[in-house]
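To start, the structure itself, in structure tokens.
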Amino acid sequence: MTEFTPEKSKKIALARLDLFNQWKEFRKKSNNKLQADYDFVNLHNTSNSHLFDILGKISRGTLHRWKNILNGTEDYTKLIPQYKYAKVDEYRTCLTDEEIKIFMGLLLHPNRLCIGKAIALTKYKLQQQGQSYIPADITFRKYANWFKKNNYDKWVLARDGEKALSDKVEPYIKRDASLLEVGDILWRSGHVGIYIGNGQYVHAPHTGDVVKVSSGVGKFTCGLRYQ
């Protein structure tokens, strides 16, 4: 099945490619590429050209993202707008998956690097990989703050360990036992059980003890279900 592309999206993609090529030619005339970028962006953003009418204002980061997307090609279809809508538990960011992977790998580490240090190391790694455009510090910082706010349990567990998770997070977790199904794995630090329905579960209370049926699933931190 052929994917339909609206004429407006095609028009935007072609305008992006046109502006991108103008930017490449503009940069060739300057030894200071960084200054050339800012000069070109300023010229575009203050112009009355047909490209400005289509695209509006752009930034240096926008141009470099287009460069990465095109990857040496002239395929305008790569620049067709991809309108994505974030889910409740997602965060819209211009960071690539690779940039997030490097950044969060440093941030969610038992060494507990501060956000500023993790940002600096991430930017250094990206530069070592030859990436020409590096996102601004504030872009990384906003993502880190969002992640910590919306994934505080993962943040604490990764950086501080299970004891900190028990002390700082578990007391505030809202549990709804009505969501449990027979066969779900019940977990808390150092112990597991299997839910068998009616608020009961089977488990071995101590090492070497026989398997027993007990009540009180509220003692557990969470329930896990294998699909």
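With a Förster radius of 22 Å, plug the Cβ-Cβ distance of Val213 and Asp176 into 1/(1 + (r/R0)^6) and report the FRET value to the nearest 0.05. The calculated FRET efficiency here is 0.50. Labels on offer are (i) 295; (ii) 117; (iii) 207, and the one holding volume of the Cα convex hull per residue in Å³ computed from this structure is (iii).
On full extension of the chain, what length is gained from Lys29 through Asn111, given 0.36 nm per residue of separation minus the C-alpha to C-alpha distance? If you can, show how the numbers build up before the last one.
Numbers: separation 82, 0.36 × 82 = 29.52 nm, distance 4.59 nm.
Contour length minus the Cα-Cα distance gives 24.9 nm.
Note on Leu14 and Arg60: the model spin-label points, each 7 Å out from Cα along the C-beta direction, lie 3.2 nm apart. Among the listed pairs Lys123/Lys163; Lys125/Lys154; Lys28/Lys78; Lys8/Lys142, those with a Cα-Cα distance over 26 Å are Lys123/Lys163; Lys8/Lys142. Taking amide H positions as modeled 1.01 Å from N, with prolines and chain starts lacking one, the residues under 5 Å from Asp184 and 5 or more places away or on another chain are Tyr195.
Taking 0.36 nm per intervening residue step and subtracting the Cα-Cα distance, what contour gain separates His203 from Tyr124 on full extension?
The His203-Tyr124 span can extend by a further 23.5 nm.
Panel order for Glu98, Glu181, by other beta carbons found within 10 Å of each beta carbon, from fewest to most: Glu181, Glu98.
Modelled label positions at Asn48 and Ile194, each set 7 Å beyond Cα in the direction of Cβ, lie 7.7 nm from each other.
A short reminder: the numbers here are calculations on the coordinates, not readings from a lab. What you are looking at is a predicted structure, and each value in this text was computed from that prediction instead of being measured. Cβ atoms come from the backbone with ideal geometry, glycine included; neighbour counts cover every protein chain shown.
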